[in-house]
Amino acid sequence: MAGERILVVDDDRGLLTLMRTRLEAAGYRTTLAESGEQALTSAQSEIYGLAVLDLKMEGMDGISLMEELLRIQPYLPVIIVTAYGSIATAVEATKKGAYDFLTKPFDAKDLLYRIKKALELGKLKEEVDRLRTLVKERFHFDNIVATSDKMQHVLRQVTQIAPTDSTVCLSGESGTGKELIAKAIHTSSTRAGGPFVPINCGAIPEGLLESELFGHMKGAFTGAHQSKKGLLHQAEGGTLFLDEIAELPLALQVKLLRLFQENEFYPLGSVKPVKVNIRYIVATNQDLWLATTEGRFREDLYYRVHVIPIVLPPLRERRDDIPLLVNYFLQKYQRGRDKHIQAITPEAMQCLMLHNWPGNVRELANVIERAVAFAAGGSITPDHLLLAKDESTQADSGLQSLNKAREEFERTYLTQLLSATRGNISRAAELAGRYRSELYKLLRKHSIDPASFKETPRRLCTPSTPQTPPPATFRYGKQS
Ligand SMILES: Nc1ncnc2c1ncn2[C@@H]1O[C@H](COP(=O)(O)OP(=O)(O)OP(=O)(O)O)[C@@H](O)[C@H]1O
Ligand SMILES: [Mg+2]
């Protein structure tokens with residue numbers, strides 16, 4: 001770390017000159033001062049890598065000077081020098097922040113060695129502190145990408161409310177990460193060792209929901225041949241995540257209210273209540289208050305669940321998260337596959353930044369998963385993205401019907417899917433998340449013959465001007 005500026009303060013002018021010669025010969029730059037006051041003046045306008053201060057000086061002594069200097073430059077390593085070695089002073093100096101202590105007369109080699117060590121430590125300390133404040137100020141969860149101010153605010157709330165046992169109400173559009181946040185709340189709460197039980201109130205048929213939740217006794221209804229424990233039982237000691245709470249039928253809302261109030265419930269067909277110890281997190285992509293005013297959601301239940309509201313912003317309102325999310329999903333969807341896509345072209349990134357993301361993070365994840373499947377290697381171009389046209393931003397005159405747009409999209413999608421899989425239907429079905437029979441049906445509808453993709457795999461992205469060099473790329477992560 002030669003080249004660093006070292007401040008030397010001593011009221012012995014002869015020693016100052018000697019120190020300058022030694023230090024400059026070793027490649028350091030020096031600032032000399034004969035008093036603490038003089039040193040403080042120059043410290044207003046210079047940055048030092050290290051300071052060597054004489055302990056006993058007229059006026060301000062070495063330790064007071066050190067304290068003043070540390071106020072201006074908190075990471076400055078300080079070596080205190082004294083003619084009278086005393087353990088007590090050494091201890092005091094170190095307690096107040098000195099890195100090292102030297103007794104006169106000292107040998108030049110020793111001084112240089114200690115300076116080198118102190119400089120190294122100073123840098124390290126600064127880095128550790130920088131990282132520490134980073135951790136302190138930025139909220140971080142391993143599987144959540146959140147750099148935008150809006151998401152940082154959400155994570156701050158999560159950190160604050162996780163340890164409480166209060167009911168949390170997550171709201172936000174579909175795909176904004178409500179379930180992800182619910183899990184983060186659970187894993188950072190005192191119930192982390194207990195179960196996290198999610199239930200989608202909108203996905204279970206109304207007739208089954210009650211017995212799924214509360215369980216039933218043998219003979220409670222036709223077909224109940226055996227007693228069965230419900231999800232509430234499973235969630236004992238942990239967290240129950242009630243997704244799409246607004247979809248809950250009114251009859252069940254009453255029972256839930258009782259559960260929230262009394263922490264007990266009756267399994268179907270039972271007259272004995274069961275006590276539970278559960279934390280509740282509910283989620284909705286609707287305006288729950290509107291549902292209440294429209295009579296679809298009970299007002300008393302609204303106040304029971306709306307204890308700690310957390311709102312997840314849509315992706316279009318936090319576009320600064322997009323590049324990091326893209327990188328995150330690029331890594332995620334390549335894991336375990338023989339793909340080496342490290343980059344996305346600036347054009348593709350621009351498309352992603354401009355897209356309106358009606359499906360939020362889930363849509364972005366799907367787009368990247370597909371792009372990884374389609375891109376043969378190298379980088380992802382706009383052709384790999386297959387972004388659904390954003391109907392809201394299209395000029396009225398150029399608007400085509402939704403059905404036509406869907407047909408077109410389907411056709412392009414199928415062609416690219418078969419190109420990527422070279423006509424392998426099983427693989428294509430797996431990628432598309434459809435049964436093979438469904439895929440065959442779609443292919444027939446569009447008169448696409450999978451066999452024609454078997455031999456010569458088509459290029460997905462044919463450059464319009466083959467002479468032009470490949471576009472520059474944003475690079476992420478490690479280069480392969
Ligand atoms: N900030 C994020 N960082 C990383 N992955 C995310 C983030 N937000 C969402 N995801 C991922 O996007 C997908 C959708 O998230 P999630 O299921 O939590 O959304 P949701 O709000 O519950 O959606 P829905 O209302 O449709 O149920 C999941 O795969 C989730 O892991
Ligand atoms: Mg969800």
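Select from segment 365-404 the residues that are of a type outside the set (Phe, Trp, Tyr), in a helix (DSSP H, G or I) and at pLDDT 80 or above and list them in ascending order. Of everything in segment 365-404, those that are of a type outside the set (Phe, Trp, Tyr), in a helix (DSSP H, G or I) and at pLDDT 80 or above turn out to be 365, 366, 367, 368, 369, 370, 371, 372, 373, 382, 383, 384.
Taking the criterion of being without any contact (Cβ under 8 Å) to a residue 40 or more places away in the chain, part of a helix (DSSP H, G or I) and open to solvent by less than 50 Å² (accessible area, probe 1.4 Å), the only residue of segment 223-239 that qualifies is 231. Among the residues making up segment 268-292, a single one is closer than 15 Å to residue 234 by Cα, surrounded by fewer than 17 Cβ atoms within 10 Å (Cβ to Cβ) and in contact with a helix residue (DSSP H, G or I) (Cβ under 8 Å, 6 or more places away or on another chain): 276.
Table: residues versus (1) of a type in the set (D, E, K, R); (2) part of a helix (DSSP H, G or I); (3) without any contact (Cβ under 8 Å) to a residue 12 or more places away in the chain.
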position	(1), (2), (3)
7	no, no, no
14	no, yes, yes
22	yes, yes, no
30	no, no, no
53	no, no, no
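Only one entry in 256, 312 is touching a residue at least 60 places away in the same chain (Cβ under 8 Å) and either more than 24 Å from residue 213 (Cα to Cα) or open to solvent by less than 40 Å² (accessible area, probe 1.4 Å) (or both), namely 312. The lone criterion from (1) among the aliphatic types (A, V, I, L, M); (2) open to solvent by less than 20 Å² (accessible area, probe 1.4 Å); (3) farther than 27 Å from residue 296 by Cα left unmet by residue 220 is number (2).
Residues that are open to solvent by 30 Å² or more (accessible area, probe 1.4 Å) and in a helix (DSSP H, G or I) were ranked within segment 240-253; the one that is farthest from ligand 1 (Cβ to nearest atom) is 251. Looking across 274, 326, one residue alone is within 26 Å of residue 211 (Cα to Cα), at pLDDT below 95, among the β-branched types (Val, Ile, Thr) and away from ligand 2 (no atom under 16 Å from the Cβ). It is 274. Here's a check for you: in segment 184-213, which residue that is farther than 24 Å from residue 258 by Cα and surrounded by fewer than 18 Cβ atoms within 10 Å (Cβ to Cβ) is nearest to ligand 1 (Cβ to nearest atom)? Filtering segment 184-213 for residues that are farther than 24 Å from residue 258 by Cα and surrounded by fewer than 18 Cβ atoms within 10 Å (Cβ to Cβ), the one nearest to ligand 1 (Cβ to nearest atom) comes out as 187. Within segment 158-176, being within 16 Å of ligand 2 (Cβ to nearest atom) and open to solvent by 20 Å² or more (accessible area, probe 1.4 Å) holds for 171, 173, 174. Considering segment 153-183, the residues that are part of a loop (DSSP other than H, G, I, E, B) and within 13 Å of ligand 1 (Cβ to nearest atom) include one that is nearest to the chain's Cα centre (by Cα), namely 177.
Condition check ((1) open to solvent by less than 60 Å² (accessible area, probe 1.4 Å); (2) modelled with pLDDT under 90; (3) more than 13 Å from residue 111 (Cα to Cα); (4) touching a Phe, Trp or Tyr at 6+ places or on another chain (Cβ under 8 Å)) across all residues:
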residue	(1), (2), (3), (4)
29	no, no, yes, no
40	yes, no, yes, no
47	no, yes, yes, no
51	yes, no, no, no
58	no, yes, yes, no
74	no, yes, yes, no
87	no, yes, yes, no
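Being more than 16 Å from ligand 2 (Cβ to nearest atom) and modelled with pLDDT of 90 or more is the requirement here; does residue 259 meet it? Taking the combined requirement at face value, the residue satisfies it.
Return a yes/no flag: does segment 120-128 have any residue that is hydrophobic (A, V, I, L, M, F, W, C), assigned to a helix (DSSP H, G or I) and either within 19 Å of the chain's Cα centre (by Cα) or modelled with pLDDT of 95 or more (or both). Within segment 120-128, none of the residues are hydrophobic (A, V, I, L, M, F, W, C), assigned to a helix (DSSP H, G or I) and either within 19 Å of the chain's Cα centre (by Cα) or modelled with pLDDT of 95 or more (or both).
Within segment 59-90, the set of residues being out of contact with any strand residue (DSSP E or B) (no Cβ under 9 Å at 6 or more places or on another chain) and in a helix (DSSP H, G or I) comprises 64, 67, 68, 71, 72, 87, 88. Residue count for segment 351-363 satisfying the condition of being in contact with a helix residue (DSSP H, G or I) (Cβ under 8 Å, 6 or more places away or on another chain) and either over 23 Å from residue 174 (Cα atoms) or surrounded by fewer than 15 Cβ atoms within 10 Å (Cβ to Cβ) (or both): 1. Scan segment 321-364 for residues that are part of a helix (DSSP H, G or I) and within 12 Å of ligand 1 (Cβ to nearest atom) and the total you get is 16.
Of the listed requirements (1) open to solvent by 10 Å² or more (accessible area, probe 1.4 Å); (2) away from ligand 2 (no atom under 16 Å from the Cβ); (3) modelled with pLDDT of 90 or more, residue 340 misses just one: (3).
Within segment 364-378, the residues that satisfy the criterion of being buried (at least 19 other Cβ atoms within 10 Å of the Cβ) and of a type in the set (Gly, Ala, Ser) are 371, 373, 375.
Against the list (1) without any contact (Cβ under 8 Å) to a residue 60 or more places away in the chain; (2) within 12 Å of ligand 1 (Cβ to nearest atom); (3) within 24 Å of residue 140 (Cα to Cα), the condition residue 367 fails is (3).
The values are calculated or read from the model by the stated rules, or taken from the named source; none is laboratory data. Bear in mind that the values here come from a model prediction, so they are computed numbers and not experimental data. Please note: Cβ atoms are built from the backbone with ideal geometry, for glycine as well, and neighbour counts cover all protein chains shown. For accessibility, only protein heavy atoms count, side chains too; no ligands or nucleic acids. Shrake-Rupley method; radii C 1.70, N 1.55, O 1.52, S 1.80 Å.
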